[in-house]
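The values are calculated or read from the model by the stated rules, or taken from the named source; none is laboratory data. Everything numeric here is computed off the predicted structure, so don't read it as measured data. With ideal geometry, Cβ positions are generated from the backbone for all residues, glycine too; neighbour counts draw on all protein chains shown. Only protein heavy atoms, including side chains, enter the accessible area calculation; ligands, DNA and RNA are left aside. Shrake-Rupley method; radii C 1.70, N 1.55, O 1.52, S 1.80 Å.
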Amino acid sequence: MEKKIEKQFCRYVVLEYATGKELVRGEKMKDCSELYYSGSFLSLHGFVREYRRFVILKGMTCLIVYWASNHRPKRPQRGSSVSPYGLIFGFRVAGRSGADCTYPELVSEGI
């Protein structure tokens, strides 16, 4: 019997590890079972669990921090947005087709 992958609604931020500057932020559904759990805190919508992972993106070490909760907003997902600092390094967003809804997603390896 196969184990069902349970995805959670997550907000996330991609930080350049050397400087701590934000490159990308966004929202997505994510399976957090393989990520490093770094604690939880109480917010207005209940408990929020924090997960982290390190990746190499565009030749630099990045830290991705995910905040997962059981609460999912009623509005559609926004996707990703790139900070001005992230644009310097070539991060970008691209729109999806109308069949998938129209919201940007991060176009980069590893995310």
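Counting only strands (runs of 3 or more DSSP E) that fall entirely inside region 1-77 and contain at least 1 residues that are modelled with pLDDT of 85 or more and within 25 Å of ILE88 (Cα to Cα), the qualifying elements are 8-16, 22-30, 46-57, 60-69. Each residue in region 42-90 was checked for being open to solvent by 30 Å² or more (accessible area, probe 1.4 Å) and either among the aliphatic types (A, V, I, L, M) or closer than 15 Å to TYR17 by Cα (or both), and 14 pass. For region 20-41, the set of residues classified as loosely packed, with under 10 Cβ neighbours inside 10 Å and not charged (D, E, K, R) consists of GLY20, GLY39, PHE41, listed by residue number. Only a single criterion out of (1) open to solvent by less than 100 Å² (accessible area, probe 1.4 Å); (2) in contact with a Lys or Arg (Cβ under 7 Å, 6 or more places away or on another chain) is not satisfied by VAL14, namely (2).
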